Structures are given as structure tokens and as C-alpha cells.
Amino acid sequence: MRERSAAAVLRGVRHQYEFDGVISAEAARLHPYSYMPFEVLRRTSRIEVAYHYAPVVATDEPCTLDIGIFDVRGAEPYTGGFRGWSGSARQSFFIARESATPGYLAGPLPAGTWSIVLGSYEVPVAGLRYWLTISLEVATVEGPDETATSSGNHSLLPTPFGRGRGAGGEGRWYRGDLHSHTDHSDGANTIAEMASFARARGLDFLAITDHNTTTHMPVIDAWADTPLLLVPGEEVTTYSGHANVWGLREWVDFRFTTDEEIHRLLKWVEARKRPFSINHPKGVGPPWKFADPGFGVREVWQAPWRWYNWESVQAWDEQLVAGRRIVPVGGSDAHSAPPAEPRHPHHIGDPTTWLYCEGGLNEQSVLNAITAGRTAISDGPTGPFLALEQDEEGRVSASFERAAGTELEFIVDGERTHRVRLASDSGRYRLPADVRFDKYLRAELRVEAPRGREDVRALSAPIYR
């Protein structure tokens, strides 16, 4: 009889932890994140977590409890112990060495104290009750102990910024979408499905900005479909506002509740030289409730214009009048694409952000264009295009395409001072010399809309004095 190796005769047992409790509305207000430490045993090969929750008293009030997990490296900010987050999108998840639920990081399962984090996003006045089960699959026979491997960094290795098309040449405008979600957070589609739909809409690039996780980034880095550039990002989703960071292959913490913490986070991202944008700062955003410590980029147009984007633009104008220089970007915030059932009545590319990329289209040229403010926004991939130019003498011209029948309006230091109807589809309009600005000038293409209002179909980045 042939002798079998120890690895071949390993048997597994399940070790289980159960938690339950009540979170009051007051506790959630004071400390929205709570932690459930548990011990991962040696030779654990798989961790499974399931939870559910309900209001303590039946109510129509919103009730939402988010979930994530940290390993032995700790749960303190900037300590590197992050292993996944799914918000309230999933009621269960698993982590193993070679695979994990999307939103969670596969890899070694080192023995020691791990922690479940519960995020109290919406807690009824009478509180909510939760039930949590953690199951470990543990080998019982001595053999190679894979869990003893150092936890290392389960984030991502740096990837060269050369991915994309075009290695040189003069700059040109490219169209894309800087804000979308997949099944790695709360989206309905795979990355491949979202990319396929973006390509069908004629986009050149698509940023995948899943909530509070990095697990989509290895998929993006393996992407080889060169007709479409995928840009990795993370939507840092706090309970007082959302913000996108692009091109940073390092998990960005989100568990912040004060202006001081957000200021520190901004400095942390800036030190890594990546663009960082406040998202959808409007009443239906969710809104941005923190103070703005100096973000250089702002999502002034999220989803179709009618979704109250005039609020975001007005707030942006107020900052420009105050002397700030803030790059405008747009993003669909799409959470679905065919063949999935639509989550919203709009698609990837609604709106479209245009970037003037130098040296071809690649990740670095995209990040450079955002940082430098070489942006424009239109209501869709085939919508009107508008950009401003200033010559050596200080004269300003507006270049436009697909704009026949729109009204070209200039905003000068916060005031709408000059307007002209465009009869031609494309061309260039030179602003009269007597229209002067002290701080900034920007432009929009507008059309009449129902109920006596106007819709913006395109807007330019500002020119500054």
C-alpha cells in the first residue's frame, strides 16, 4: 500500500463564532463603526461570514448596516489590515487563499485576531438588531501550514502607467466616464460587461470606482482589450460624503467622521500624487457634508443634468469666485449595464467627460489631464462638445462641435454676461474684447427644457486670470 503525503490526508473541521446585539441611534451617531474581534486559528483555509439585521421595532424608517473585515495587521486607519468591504450589498462573503467574494481580498489567512467592522449607516430611532455568524474551515492533521505565511500586502503591486493606446504624438481629446461601479461593490455587472457597454457607446476610457475596495484593480491590470482603457479608482464612501481617487493602487480608508480626518486624508492622497475629487455635492448626491479642505477636482455633473446638477455647478462657481481653482469632471455613477436590469434610468457615459491627453491615451495621460484641468463635459458620448482657448494676447475663443441650436453662454466671475445662439454645428466663437474677467471665465451650451427651465448640454473647464 502506497504511503500518502500528510497534505493528502488533511481533514477539515468548522469552527464557528456567533454574535448578536443592538445598535442604538445615539451610539451610531457618536461612533458609526463598531468592531467584532475574533480569532483565526492556525491552518484556517477559508473564512465565511454571514449577517442580517432588522429594526428593533417595526418601522418605515431606513435601516442599513454595512460590513467589512480586517486581518491581524489591525483595523486602525492607515495600518494595512484591510481585507474587504461590501457595504450592505451582500449578506454573506468568504475569503480563502486563492479566491474570495468580489470586494474581498484573497490571500493568506494568518492566525491571530481579525475584526469584523459594522457600519451603522441608517439606524432607526428605536435602534437596529444584528446577527452575525463567522465560520472557519480548519485543517486538523499536521502538514504544511499555509496560514503561517506572512500576511504581506494584499493590495496591489504598482503597475506601469503605459497601458493604453498611443505611445506618443500630439495631444487630442478623448471621451470617457470617470465614475462607475461593478459587482466588486454594489454594481450589478462584471467589469467585462461594463467595459463592453462602454465600448459600444463609443467611449475611449472608463474608470471603475468601486466603493471602499481595491479588488477590482487586479482585473483592470489584466485587461487586454486595447480599444477601451480601463482606469482603476476607488470611491471613498464615508457617511458624510463621497470622493473619487484614480490611479492609486493602494486602499484608501473611508472610516472618517470629522473635517480634520478628511483634511489628513486629502494630504495623504496628495502625497501620492493622484487626483482626488469630491463627488456629487448636491442635495440628492448623497451630499458632501464635510468642509472642503482644498480638493482640486470636483464632480460637478453626475448622472443626467436633470438630477439637480445645477446645485453642484452653483457651489463650484461660488468656490471659483472665492479664488479657488477647481477642475470640473463628470461621471455617470452607473451601477448597471445590459444584460443586467437597470438600476437607474441612465447609462455609462451619461454624462461624458472629455480629457485632452498628451502622448496618446494611457493611464498616466488620463491622470495628467485631470490634474492639469484639461477637461470638458457633455451630456453623452455623442452630445455637444465645448472647450475654451486663450491666445497670447489674452483673447478667448470657444471651440464647439455638434452644437447647432444651442445657446453658448459665458460665465464671468460668477456672472452670466454674454450669450449667443449657435446656428452651425461646429466652429469657433471669439468672445468680444470688452468681455473681461478678473478671476475666471467658463462657458456652457444650453437648450430649452420643459416647464420653462433650461438644460446644460455641455460645459467647459475654466480659464483663469
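The values are calculated or read from the model by the stated rules, or taken from the named source; none is laboratory data. As the structure is a prediction and not an experimental result, all values here were calculated from the model. Cβ placement follows ideal geometry from the backbone for every residue including glycine, while neighbour counts extend to all protein chains displayed. Each accessible area value is taken on the protein alone, full model and side chains, heavy atoms only, with ligands, DNA and RNA left out. Shrake-Rupley method; radii C 1.70, N 1.55, O 1.52, S 1.80 Å.
If you go through the range 107-122 and keep only what is open to solvent by less than 40 Å² (accessible area, probe 1.4 Å), touching a Lys or Arg at 6+ places or on another chain (Cβ under 8 Å) and among the aliphatic types (A, V, I, L, M), you end up with L109, V117.
Would it be correct to say that T59 is in a loop (DSSP other than H, G, I, E, B), β-branched (V, I, T) and either surrounded by 21 or more Cβ atoms within 10 Å (Cβ to Cβ) or without any contact (Cβ under 8 Å) to a residue 24 or more places away in the chain (or both)? So T59 does not fit the description; no. R83 meets each of the listed conditions (1) touching a strand residue (DSSP E or B) at 6+ places or on another chain (Cβ under 7 Å); (2) more than 28 Å from S240 (Cα to Cα); (3) surrounded by 13 or more Cβ atoms within 10 Å (Cβ to Cβ) apart from (2).
Residues in the range 291-306 that are crowded, with 20+ Cβ neighbours inside 10 Å and hydrophobic (A, V, I, L, M, F, W, C): F295, V297, V300, W301, A303, W305. In this structure, G68 does not satisfy being small (G, A, S) and open to solvent by 20 Å² or more (accessible area, probe 1.4 Å).
Among the residues of the range 81-106, those identified as more than 20 Å from the chain's Cα centre (by Cα) and either not polar (S, T, N, Q) or not in a strand (DSSP E or B) (or both) are G81, Q91, F93, F94, I95, A96, R97, E98, S99, A100, A106. The combined condition, being more than 25 Å from the chain's Cα centre (by Cα) and open to solvent by 30 Å² or more (accessible area, probe 1.4 Å), is fulfilled by A423.
The residue list R343, R374, R416, R442 contains one member that is of a type in the set (K, R), open to solvent by 30 Å² or more (accessible area, probe 1.4 Å) and more than 30 Å from M194 (Cα to Cα), which is R416.
Of the residues contained in the range 280-301, none is found to be outside any loop (DSSP other than H, G, I, E, B) and over 15 Å from the mean Cα position of the chain (by Cα).
Quick grid of which residues meet (1) buried (at least 24 other Cβ atoms within 10 Å of the Cβ); (2) of a type in the set (D, E); (3) under 14 Å from the mean Cα position of the chain (by Cα):
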position	(1), (2), (3)
T190	no, no, no
A200	no, no, no
T215	yes, no, yes
D221	no, yes, no
L229	yes, no, no
P232	yes, no, yes
Y239	no, no, no
D259	no, yes, no
